Amino acid sequence: MVMREATAMLSQLRLHAHRPVYTEEFEAPFLAATREFYTREAADFIAYNSSPEFLQKAESRIREEARRVEEYLDPETTAPLRALMEDVWLGQHFKTLVYNPNSGCTHLFQADKIADLARMHRLFSSVPGALEEVRQVMKESITKYGEAIVRDPEKTRDPVTFVQNFLALKAKFDQIVVRAFAESKEAFGALVAAFENVLNKDTRAARFLSLYLDDLFRKSMRGLSEAEAEQKLDEVLVLFRYLRDKDIFEALYKQ
């Protein structure tokens, strides 16, 4: 209460004096001391903790300082303090967090860590360049998994197995984009670009898709309800749309 009254008094002096008393006598040194304290704390914390643990700590600290402004300080301190906290905890460390070999984005995508990815997306949304790095790792992960499918003899032994593996990969990253990345159009764009890239690298993709579709019509959709059949067709058509040379698919399907 005393702190709130003191800062309010300084704010009033700011309104009536030529010299901005609150800003120069309190806010500037307060922000400088805050930056120094959290710069040291963040550097120490990131050295010994995982990316998800660091982001939980960052989120907690940012909230604590926001409450401190609300309870004790002039409301005009809110914006510069938040910018400071986001820079110290996120702006200075986002690349380390994204590319941490043990707990960064590659690991989070592989392990389907939806909550951790959602926190990262939420916090990084105000950090210039951070989400671009996350999306780049997502594209690289999709490409890596897709190329692994293409290289695996077990997964390319027949069209059904091949397509089902790609459908499973698509479903995995659809869930990440929807649940962790708030259906961001930029994230969807990265997903589409990655699937287009990997499916168009191998000419077997068009052939296997045409054979899979043929199998659906001849055998796999027997006994399915209309809704179930439509869902299966829709899934295949999504992959079909990723093919750049659709004439190849059409020619193969007509054979």
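Taken together, the values in this text are just the output of simple stated rules run on the coordinates, not laboratory data. What you are looking at is a predicted structure, and each value in this text was computed from that prediction instead of being measured. For neighbour counting, all protein chains shown are included, and Cβ atoms are generated from backbone atoms with ideal geometry for every residue, glycine included.
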Item to check | Cα-projected label distance for Arg40 with Phe217, points at 7 Å along beta-carbon direction, nm | outcome: 7.2 nm
Next on the checklist: Exposed loop sites here are trypsin sites (Lys or Arg not before Pro) in DSSP loop states with at most 14 other C-beta atoms within 10 Å. What is the longest stretch of the chain lacking them?
Outcome noted: 1-156
Next on the checklist: Angle check, please: helix 114-124 long axis (alpha carbons) against the longest principal axis of the chain (alpha carbons), in degrees 0 to 90, nearest 10.
Outcome noted: 50 degrees
Checklist outcome for this item: Among Lys57/Lys172; Lys57/Lys170; Lys57/Lys201; Lys57/Lys155, the pairs whose Cα-Cα distance exceeds 30 Å are Lys57/Lys170; Lys57/Lys201; Lys57/Lys155
Checklist outcome for this item: Calc'd 3J(HN,Hα), region 137-153, phi into Karplus 6.51 cos²θ - 1.76 cosθ + 1.60 (θ = phi - 60°), Hz, glycine/Pro = x, comes to 5, 4, 4, 5, 5, 4, 4, 4, 5, x, 5, 5, 4, 4, 7, 7, x
Checklist entry - Where does helix 204-215 land angle-wise versus the long Cα axis of the chain, in degrees 0 to 90, nearest 10? => result 70 degrees
Item to check | Gained length - Glu154 relative to Glu140, 0.36 nm times residue gap less alpha-carbon distance | outcome: 2.8 nm
Item to check | For Cα Rg over 2.2 N^0.38 Å, calculated from these coordinates, the label among [x] 1.17; [y] 1.44; [z] 0.92 | outcome: [y]
Item to check | Karplus-derived 3J(HN,Hα), 6.51/-1.76/1.60, for each residue of region 159-166, Hz, glycine and proline x | outcome: x, 5, 4, 4, 5, 4, 5, 6
Checklist outcome for this item: Here FRET efficiency (C-beta to C-beta, Ala227 to Ala182, R₀ 30 Å, nearest 0.05) is 0.60
Next on the checklist: Rounding to the nearest 10 and keeping the result within 0 to 90°, find how far the Cα-based axis of helix 28-48 lies from the longest principal axis of the chain.
Outcome noted: 40 degrees
Checklist outcome for this item: GNM on the chain, Cα springs under 10 Å; top mean-square fluctuation among Gly189, Gly91, Gly146 goes to Gly189
